[in-house]
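Contents: one structure, followed by commentary.
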């Protein structure tokens with residue numbers, strides 16, 4: 001693997017060209033790396049130093065630049081691997097899948113970005129877009145999922161660093177208390193949930209003030225006098 005400093009026409013900063021041999025095909029390949037070092041100002045020495053740093057980093061991590069997996073496909077495979085290895089609970093997996101299908105895939109699939117092409121700006125742009133409609137705490141969970149996936153890519157020597165760790169820090173929102181439904185809103189909720197798989201859960205939370213975890217975990221064998229009448233409701 002070799003590296004050389006280059007100047008591109010009409011581009012203000014230096015570039016670094018890395019040449020390497022594809023471990024699979026044995027063919028010579030190359031990779032362009034952008035820098036933030038301006039050509040003006042006699043910065044050739046700085047560019048040479050950056051070249052040495054880049055070459056050392058790629059050599060140290062033995063990054064396989066030939067892997068061309070698309071990020072959208074990679075994150076699906078990553079999550080499926082976790083499911084099969086049982087590294088995460090089924091409920092956690094379901095939560096990840098919901099986030100993946102509702103937000104991450106619809107955003108990244110049209111971009112057709114490969115894993116090795118993902119940069120901090122791509123993650124930051126995703127965050128900025130989601131913050132327009134979702135809470136900061138929710139977006140933080142998205143970033144955590146993306147970061148875990150990209151950390152796996154680092155371990156597999158597909159990328160040299162985790163770009164999700166180089167974005168602007170999101171400040172966790174303070175909890176301001178629960179917002180209660182009024183009588184009319186409760187009536188609308190009960191009417192809308194008729195026939196829904198969550199109808200029973202909603203009935204329990206409305207009539208008995210249960211937390212979500214309590215409603216989902218309740219069993220008939222655990223009911224006591226406070227739940228008398230529940231059979232009539234259900």
Project the alpha carbons of the range 113-181 onto their principal axes and report the range along each, largest first, in whole Å.
-> 50, 20, 19
Coordinate range along principal axes, alpha carbons of the range 2-61, Å, largest first | 41, 24, 13
Note the angle between two axes, namely the Cα long axis of helix 183-192 and the longest principal axis of the Cα atoms of the chain, as a number of degrees from 0 to 90, rounded to the nearest 10.
-> 70 degrees
Which order do the peptides 189-195, 96-102, 124-130 take when ranked by the mean count of other beta-carbon atoms within 10 Å per residue, highest first?
-> 124-130, 96-102, 189-195
Using a Förster distance of 25 Å, how high is the FRET efficiency between residue 83 and residue 138, based on the Cβ-Cβ distance and rounded to 0.05?
-> 0.65
In degrees, nearest ten, helix 71-85 long axis to first principal axis of the chain (Cα) | 60 degrees
At R0 = 45 Å the Cβ-Cβ FRET efficiency linking residue 151 and residue 187, nearest 0.05, sits at 0.45
Relative to the chain, whose Cα atoms define the longest principal axis, helix 136-155 and its Cα axis are tilted in degrees, nearest 10, by 50 degrees
How high is the FRET efficiency from residue 73 to residue 19, r the C-beta distance, R0 25 Å, rounded to 0.05?
-> 0.35
Kindly rank 215-221, 197-203 from highest to lowest mean number of other beta carbons found within 10 Å of each residue.
-> 197-203, 215-221
Using the per-residue mean of other Cβ atoms lying within 10 Å as a proxy for protection, in what order, highest first, do the peptides 41-53, 153-165 fall?
-> 153-165, 41-53
What are the radius of gyration and Dmax of the chain, computed over its Cα atoms and given in Å?
-> 25.7, 83
The chain, relative contact order [Cα under 8 Å, separation at least 6], % = 13 percent
Residue-averaged 222 nm ellipticity for the chain, from DSSP H runs of 4+ at -39500 (n - 2.57), nearest 500 = -14000 deg cm²/dmol
Determine one quarter of the surface area of the Cα convex hull of the range 71-166, which equals its mean projected area, and express it in nm² to one decimal.
-> 5.8 nm²
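No value in this document is a laboratory result; all are computed from the given coordinates. All figures in this text were calculated on a predicted structure; none of them were measured in a lab. No Cβ is skipped: glycine too gets one built from the backbone with ideal geometry, and neighbour counts run over all protein chains shown.
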